[in-house]
């Protein structure tokens with residue numbers, strides 16, 4: 001595999017990981033706000049669950065970014 005193709009693939013992979021994480025966190029946040037609007041007394045449990053889920057999505061995106069950097073530097 002030529003370095004140019006590897007760099008292009010890594011750039012596309014990093015972009016897709018960022019877009020996927022953005023969509024995922026947006027959906028998590030939107031659904032959390034909707035749940036809190038329906039039942040304001042559940043603010044703390046929903047917020048805690050939302051933060052954990054968002055952290056997991058962001059962790060997957062960072063892992064994908066690291067893999068893309070490894071592929072680009074080989």
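Within the stretch 64-74, identify whether any single residue is within 23 Å of residue 4 (Cα to Cα) and over 21 Å from the mean Cα position of the chain (by Cα), and answer yes or no.
Scanning the stretch 64-74, I find at least one residue that is within 23 Å of residue 4 (Cα to Cα) and over 21 Å from the mean Cα position of the chain (by Cα), so the answer is yes.
If you check residue 35 against the conditions, is it under 10 Å from the mean Cα position of the chain (by Cα), more than 29 Å from residue 73 (Cα to Cα) and part of a helix (DSSP H, G or I)? Spell out how you get there, then give the answer.
Numbers: under 10 Å from the mean Cα position of the chain (by Cα): no; more than 29 Å from residue 73 (Cα to Cα): yes; part of a helix (DSSP H, G or I): yes.
Spelling it out, it is not the case that residue 35 is under 10 Å from the mean Cα position of the chain (by Cα), more than 29 Å from residue 73 (Cα to Cα) and part of a helix (DSSP H, G or I).
Tell me which of these residue 47 doesn't satisfy, since it passes every other one: (1) assigned to a helix (DSSP H, G or I); (2) modelled with pLDDT under 95; (3) surrounded by fewer than 16 Cβ atoms within 10 Å (Cβ to Cβ).
So residue 47 meets the others, but not (2).
The values are calculated or read from the model by the stated rules, or taken from the named source; none is laboratory data. Computed from a prediction, not measured in an experiment: that's the story for all the values here. Positions of Cβ are backbone-derived with ideal geometry, glycine not excepted, and every protein chain shown enters the neighbour counts.
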